[in-house]
1. Just to be sure before I move on: is residue 35 touching a residue at least 12 places away in the same chain (Cβ under 8 Å) and either within 24 Å of residue 160 (Cβ to Cβ) or part of a loop (DSSP other than H, G, I, E, B) (or both) in the structure I sent?
2. Yes or no: segment 242-250 includes at least one residue that is over 21 Å from residue 42 (Cα atoms), under 17 Å from the mean Cα position of the chain (by Cα) and either at pLDDT 95 or above or within 16 Å of ligand 2 (Cβ to nearest atom) (or both).
3. Examine segment 230-253 for a residue that is more than 27 Å from residue 36 (Cα to Cα) and touching a helix residue (DSSP H, G or I) at 6+ places or on another chain (Cβ under 7 Å), and state whether such a residue exists.
4. Please enumerate the residues belonging to segment 177-207 that are within 30 Å of residue 123 (Cα to Cα), touching a residue at least 12 places away in the same chain (Cβ under 8 Å) and part of a loop (DSSP other than H, G, I, E, B).
5. Of all residues in segment 205-236, how many are within 14 Å of ligand 2 (Cβ to nearest atom) and crowded, with 24+ Cβ neighbours inside 10 Å?
6. Does residue 194 fit the bill of being within 15 Å of ligand 1 (Cβ to nearest atom), under 17 Å from residue 219 (Cα atoms) and surrounded by 12 or more Cβ atoms within 10 Å (Cβ to Cβ)?
7. If I go through segment 32-41 residue by residue, how many of them are surrounded by 16 or more Cβ atoms within 10 Å (Cβ to Cβ) and out of contact with any strand residue (DSSP E or B) (no Cβ under 6 Å at 6 or more places or on another chain)?
Ligand code: PEP
Ligand code: MN
């Protein structure tokens, strides 16, 4: 299997013919869980495997991730399937041995304003998925991207994941307008994370299809085959069979629109 370099990985998001699909669990929970999911997702033609191992949870008593052990399992899943991997980093301490094996570094919503972390992420030279903070304006989000760019690393992928509004029925409100606005303001690809926007799995299909129709470059969707047992974000997780049904529709949309 040919290993893709940082530029080749980043260029996958510039494919005008296809919506890039990133899927995986909110958190890596065990070796078996991530290997089993990765094999299923690979068969479904997913492009990237996601999985959190350092989890910045709102509640400090909630599951905080398997940390380095989780990274080892995620890397094992990459080795087994060939799927490139993306994972959130909340610090670069102790990461030297892992960086080479991680294909995209995710900067989470909570850390979009952590300028020291953005600079450190930029300096790795890896593609960076920069999530929008739930209360950030477009300008603030672009300025966060600028911190990464200033290190000489322009391999930035923007990710809209819902912003906080007065609505409480859904976890956040998906700002689909971010797609045309960011396309006008910068040249970075923009992907949509409908899972954290919705907070509930029944909403994911509609918002995914709407995002593709609005011209996003990719989607990042959380999956878990036993959502009731998930250690984080089970309510918004799709089963792999449910994701597959959506991916079939996305392929059709891609054919019409891209
Ligand atoms: C995640 O993608 O695992 C995550 C924690 O998302 P966010 O930073 O958008 O809350
Ligand atoms: Mn999550």
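The values are calculated or read from the model by the stated rules, or taken from the named source; none is laboratory data. Because the structure is a prediction, the values reported are computed rather than measured. Cβ sites come from the backbone with ideal geometry, for glycine too, and all protein chains shown count toward neighbours.
1. For residue 35, the condition - touching a residue at least 12 places away in the same chain (Cβ under 8 Å) and either within 24 Å of residue 160 (Cβ to Cβ) or part of a loop (DSSP other than H, G, I, E, B) (or both) - is not met.
2. Looking through segment 242-250, none of the residues is over 21 Å from residue 42 (Cα atoms), under 17 Å from the mean Cα position of the chain (by Cα) and either at pLDDT 95 or above or within 16 Å of ligand 2 (Cβ to nearest atom) (or both).
3. yes
4. Across segment 177-207, the qualifying residues are 186, 188, 189, 193.
5. 6
6. Spelling it out, residue 194 is indeed within 15 Å of ligand 1 (Cβ to nearest atom), under 17 Å from residue 219 (Cα atoms) and surrounded by 12 or more Cβ atoms within 10 Å (Cβ to Cβ).
7. Residues in segment 32-41 being surrounded by 16 or more Cβ atoms within 10 Å (Cβ to Cβ) and out of contact with any strand residue (DSSP E or B) (no Cβ under 6 Å at 6 or more places or on another chain): 5 in total.
To keep it simple, each residue is scored yes or no on (1) in contact (Cβ under 8 Å) with a residue 24 or more places away in the chain; (2) more than 11 Å from ligand 1 (Cβ to nearest atom); (3) outside any helix (DSSP H, G or I).
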site	(1), (2), (3)
29	yes, yes, yes
39	yes, yes, no
54	yes, no, yes
59	no, yes, yes
90	yes, no, yes
